[in-house]
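Each remark here refers to the structure printed beneath this line.
Every number here is computed from the coordinates shown, using simple stated rules; none is lab data. Every value quoted in this text rests on a predicted model; they were computed, and no experiment measured them. Here the Cβ is made from the backbone with ideal geometry for all residues, glycine too, and neighbour counts use every protein chain on show.
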Amino acid sequence: MTTRLELHGVHTHYETSHILFDVSLEVNKGESVCLLGRNGAGKTTTLKTIMALAQASAGRITFNGVELVGKAPYEIARLGIGYVPDERLIFPDLTVRENLEIAIKPGAPGAPAEWTVERIYELFPVLVRLDARLGGYLSGGEQQMLTMGRTLMGNPSLLLLDEPVEGVAPVVVQELTRQIKALKAMGLTILFAEQNIHFATQISDRAYVIEKGHIRFQGTMAELAANEEVKQKYLMI
Ligand SMILES: Nc1ncnc2c1ncn2[C@@H]1O[C@H](COP(=O)(O)OP(=O)(O)OP(=O)(O)O)[C@@H](O)[C@H]1O
Ligand SMILES: [Mg+2]
């Protein structure tokens with residue numbers, strides 16, 4: 001299996017605070033991998049470091065063999081990495097369709113799909129009747145789908161998702177689970193940050209557990225499910 005994304009010995013600081021310590025992880029082509037951890041563990045910082053929205057102070061990050069450290073976020077996006085931040089940041093004064101159209105970008109080689117607004121609507125049928133609605137009037141779940149749709153319009157081959165179901169209603173969690181599974185079935189590679197192991201288990205092949213900026217566990221979801229010590233110590237389950 002080809003390695004898509006690899007972090008090796010990554011450290012990240014916010015000014016004088018040392019946040020990530022020697023983080024190493026890899027995501028292979030077509031895999032769905034979750035980064036699990038409690039509040040403040042360093043999940044968002046890890047995703048931001050991959051996108052160069054936080055600066056790695058040491059270590060290597062490669063995507064399809066290309067070094068990302070030192071590149072600008074837009075250059076990393078052009079290589080085919082799509083980032084869905086936890087703060088959803090849709091344009092409140094643009095319609096749903098305009099929010100999607102504004103994000104159209106040709107895909108990097110290896111992107112699994114050529115997304116159009118209509119294909120986004122097939123994946124997220126809820127958005128069809130919201131086509132002309134302003135972004136500012138959407139519910140949390142609708143905003144999450146629009147944010148994901150907007151990132152997909154950039155035709156990524158790797159999707160970074162930061163807590164996609166945080167704060168959305170249980171019925172929307174079910175829908176998002178189905179949609180993320182559909183993306184995986186299309187061949188998209190996914191790395192997502194999550195606190196909820198039950199949700200993560202539905203859509204991931206493997207997990208890394210992060211605590212205080214250190215990776216404490218890596219393994220399959222079945223290995224994690226069987227590891228009471230890791231779950232209690234780092235996930236409070
Ligand atoms: N801009 C910043 N400046 C300084 N410290 C920060 C900044 N952003 C985050 N931190 C700190 O870095 C640590 C990791 O935060 P991060 O947001 O990566 O955690 P997280 O696992 O995503 O948590 P959550 O589940 O709350 O989203 C925390 O201690 C946080 O307070
Ligand atoms: Mg976070």
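What you get for the chain, charging only the Cβ of Lys and Arg (+1) and of Asp and Glu (-1), is a dipole of about 160 debye around the Cα centre. Charge tally for A182 (other residues, Cβ to Cβ under 13 Å; Lys, Arg +1; Asp, Glu -1): +2. The alpha carbon centroids of segment 161-192 and segment 140-155 are separated by 11 Å.
Stokes-Einstein, applied to the Kirkwood radius of the chain over Cα pairs at a viscosity of 0.890 mPa s and 25 °C, places its translational diffusion at 136 µm² s⁻¹. Comparing Y208, Y83, Y74 in a Gaussian network model of the chain where C-alpha atoms under 10 Å apart are linked, the largest mean-square fluctuation is found at Y74.
Working from label points 7 Å from Cα in the Cα-to-Cβ sense, the Y137 to N196 distance is 2.7 nm. Here I237, I190 are placed in order of increasing Cβ neighbour count within 10 Å, fewest first, which gives I237, I190. Projected over all directions and averaged, the alpha-carbon convex hull of segment 127-169 occupies 3.6 nm². Suppose we keep just the DSSP beta bridges with both residues in the chain; what percent of those would be antiparallel, to 5? In the chain, DSSP labels about 55 percent of beta bridges as antiparallel. Amide H to amide H distances under 5 Å link A58 with H11, where only residues 5 or more positions off or on other chains count and H is placed in the peptide plane. Counted by Cβ distance under 15 Å from I237, the other residues give a net charge of -1, where Lys and Arg count +1 and Asp and Glu count -1. Of the residues H198, H214, the one with the fewest other Cβ atoms within 10 Å heads the list, and the complete ranking is H198, H214. Taking other C-beta atoms within 10 Å as the exposure proxy, I215, I61, I197 rank I197, I215, I61 from fewest upward. For segment 104-219, the normalised intensity computed at q = 0.09, 0.17 Å⁻¹ comes to -0.26, -0.89 (log10 of I(q)/I(0), Debye sum over alpha carbons, equal scatterers, no solvent).
For the chain, what is the number of Lys pairs with C-alpha distance below 19 angstrom, counting only pairs 8 or more positions apart or on separate chains? Close lysine pairs under the 19 Å cut-off: 10.
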